Amino acid sequence: MMKSYSVERRSGNWSRLLLHVILIIGAVLMLYPLVWMLSASFKPNNLIFSNASLLPQQFTLKNYTIGWTALSMPFSIFFLNSLLVCIGAVIGNLISCSMVAYAFARLNFKFKSIWFAIMLSTIMLPYHAIVVPQYILFKSIGWINTFLPLIVPKFLATDAFFIFLLVQFIRALPSELDESAQIDGCGPVQLFWRIILPLARPALATTAIFTFIWTWGDFFPQLIFLNNQSSFTLPVALNAFLDSTGVSQYGALFAMSLLALVPIIIFFLLFQRLLTEGISTTGLKG
């Protein structure tokens, strides 16, 4: 009996060791591009692709100073533009998606199931299929070269993924809470603000975090709607370092790309617990 126990214990140790080795290899593969870009940002342009070493043979900080002032305005302007767009998108999604999710999860109205199915089907609709009509619409009302096309749709609950996430969370809340609130005289609006929203904070935090991260790194809509350099966000500004004639400033591009990643990394580290809690509770209760 002791022998079989020791065999099982050794087998378990080897399994854990193999698992850790696989995780370490995966982490190295995931982090290598980031480490390479960090190394390249400290190399002269002529050594970035000619020298594969991760340790720069000629260390330089010029890529950061050149990249910060390479365009017609300081790079801090693009950070501020991205921050404004992200804040607007986060506020819009929190307000609109929570209201729509509450309606689908708690209220009864005609064709509720049909509207919910239509809403879910929009998740499978590629953005490129609607960008042309959107551009024509926004151009006709004078919104091109402004942040409005990137922010206003968020206040109209256009992100079906977050609606579905919040619906699943709200449906898992006990219906007895609604009955108790109604007995106390709460209507649908008061029930939403006083009962549902406070209890849905984990799902709301997940919505806010994902919206911020995805909007910060979003490129295609910002490239379409923002044409003036003064209104560029970070992804569009980074694209300006690439020249179609072949004269590209790769060192400055990598340096500014790393700086653009810093807010995302800090944001993720600060709210990692809320993100994990929101995903886990939504998954368990859904």
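General observations
- Number of Lys-Lys pairs in the chain with C-alpha atoms under 29 Å apart and a separation of 8 or more places or on different chains: 7.
- For the chain, a/c is not less than 1.5, where a ≥ b ≥ c are the root eigenvalues of the C-alpha gyration tensor, and a/b does not top b/c. That puts it in the oblate class.
- Footprinting exposure proxy ranking of 60, 215, fewest other C-beta atoms within 10 angstrom first, gives 60, 215.
- Value at 222 nm in deg cm²/dmol, rounded to 500, when DSSP H runs of n ≥ 4 in the chain each add -39,500 (n - 2.57): -21500 deg cm²/dmol
Just so you know, all these numbers are worked out from the coordinates, no wet-lab data involved. Model, not experiment: these values are computed from the prediction. A quick note on method: Cβ atoms are made from the backbone with ideal geometry, for glycine too, and the neighbour counts reach across all protein chains shown.
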